[in-house]
Amino acid sequence: MPRILIAGCGYVGEATADLFHSAGWNVEGWVHSKESETRLSVKPYSIRTIDLSQGGEVAKYTGSFDAVIHCASSRGGDAERYRQIYLSGARHLVESFRGAKILFTSSTSVYAQRDGSFVTEQSDTKPLRETSQILLEVEKSILETGGIIARLAGIYGPQRSALLSKFLNGMATIDPNNDRFVNQAHRDDIASALFLLLNREARTSGQIYNVVDDEPVLQSKCYRWLAQRMNRPVPPIGKSQQGRKRGDTNKRVSNAKLHQLGWSPAYPTFRDGMERSVLPGFSGAVSSTSD
């Protein structure tokens, strides 16, 4: 039975751990806080509280794994936090589990295109934001070990959607002069992609894959659809005053390379995810990031 470590058993990590466990893998999940460990204590796999940024904590672990997924969250931190969680965390995992295949969940924010063009894994990555530059540094270190990179688009799913949150909180605007394409991926589709990438290790080692749904869609179209679907007013026309965590970009991220492996999202469009996963169980404001 193969063993896998989910280093960052949060929103995406928990769904991924559940999927690997159901497939017969021996799973262990690491979390950052005792509160998270308590919440996940009902899981049928082991949960430990370990700070990835602390090499001493990681080095104390004496077990071994066939695969390690580094999907910890910076929890909205700044560049220094990114260095601690992602850069130092990756180094500590590589040093401690040298025989394991490492998969790092990066971000499509590394693509800085602003012209609405399609981008693939071969497209230029020249982000202006320091946080995204740090992600590229981590990617390079993981690829040098033969690891796998999954560049995730904006994550949404049950109780989590940046667009829905802004729409319902009255923070959404439609800017005809600065509309942009939104690239998203449902949490469960991300989990299935990570599962596939590690189960096709012979083909995916040392490779980068974009994890995004099938339909990049203009932000204004998303808001207009939400207004119609929820019988609410369309957001006002105007210039958005809010900064975006992933930077001021406008591109359409391609998932063709991942599709070629046989992956197919259960929620291929924003509308599918909203109708079948997010809105049915919606009970209050939700939050996330989108790209």
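Each residue in segment 178-229 was checked for being touching a Gly at 6+ places or on another chain (Cβ under 8 Å) and over 19 Å from Pro265 (Cβ atoms), and 3 pass.
Scan segment 32-49 and tell me whether some residue there is more than 21 Å from the chain's Cα centre (by Cα), under 23 Å from Tyr82 (Cβ atoms) and without any contact (Cβ under 8 Å) to a residue 12 or more places away in the chain. The answer is yes, given that some residue of segment 32-49 is more than 21 Å from the chain's Cα centre (by Cα), under 23 Å from Tyr82 (Cβ atoms) and without any contact (Cβ under 8 Å) to a residue 12 or more places away in the chain.
Kindly indicate whether Ile149 is under 30 Å from Pro2 (Cα atoms) and of a type in the set (Val, Ile, Thr). First the steps, then the outcome.
Details: under 30 Å from Pro2 (Cα atoms): yes; of a type in the set (Val, Ile, Thr): yes.
Considered against the rule, which asks whether it is under 30 Å from Pro2 (Cα atoms) and of a type in the set (Val, Ile, Thr), Ile149 comes out as yes.
For Leu152, the requirement of being over 30 Å from Ser22 (Cβ atoms) and aliphatic (A, V, I, L, M) is not met. When the residues of segment 11-28 are filtered to those that are within 16 Å of the chain's Cα centre (by Cα) and crowded, with 20+ Cβ neighbours inside 10 Å, the one that is nearest to Leu197 (Cα to Cα) is Thr16. On the stretch given as segment 36-52, residues that are among the basic types (Lys, Arg) and farther than 16 Å from Ser96 by Cβ total 2. Filtered by the rule that a residue be closer than 22 Å to Leu136 by Cβ and polar (S, T, N, Q), segment 179-227 gives Asn183, Gln184, Thr204, Ser205, Gln207, Asn210. Residue pairs whose Cβ atoms lie under 8 Å apart, sitting 6 or more positions apart in sequence or on different chains, and linking a residue in segment 112-135 that is closer than 14 Å to Asp248 by Cβ to a partner that is in a loop (DSSP other than H, G, I, E, B) and of a type in the set (Phe, Trp, Tyr), are Pro127/Tyr111. Within segment 148-179, being assigned to a loop (DSSP other than H, G, I, E, B) and β-branched (Val, Ile, Thr) holds for one residue alone: Thr173. Mind listing just one residue for me: the one in segment 125-146 that is in a loop (DSSP other than H, G, I, E, B) and out of contact with any Asp or Glu (no Cβ under 9 Å at 6 or more places or on another chain) and, of those, surrounded by the fewest Cβ atoms within 10 Å (Cβ to Cβ)? This residue is Glu144.
Readers should treat all values here as calculations from the given coordinates under stated rules, not as data from a laboratory. No experiment lies behind these values; they were computed from the predicted model shown. Note that we place each Cβ from the backbone using ideal geometry, even for glycine, and neighbour counts take in every protein chain shown.
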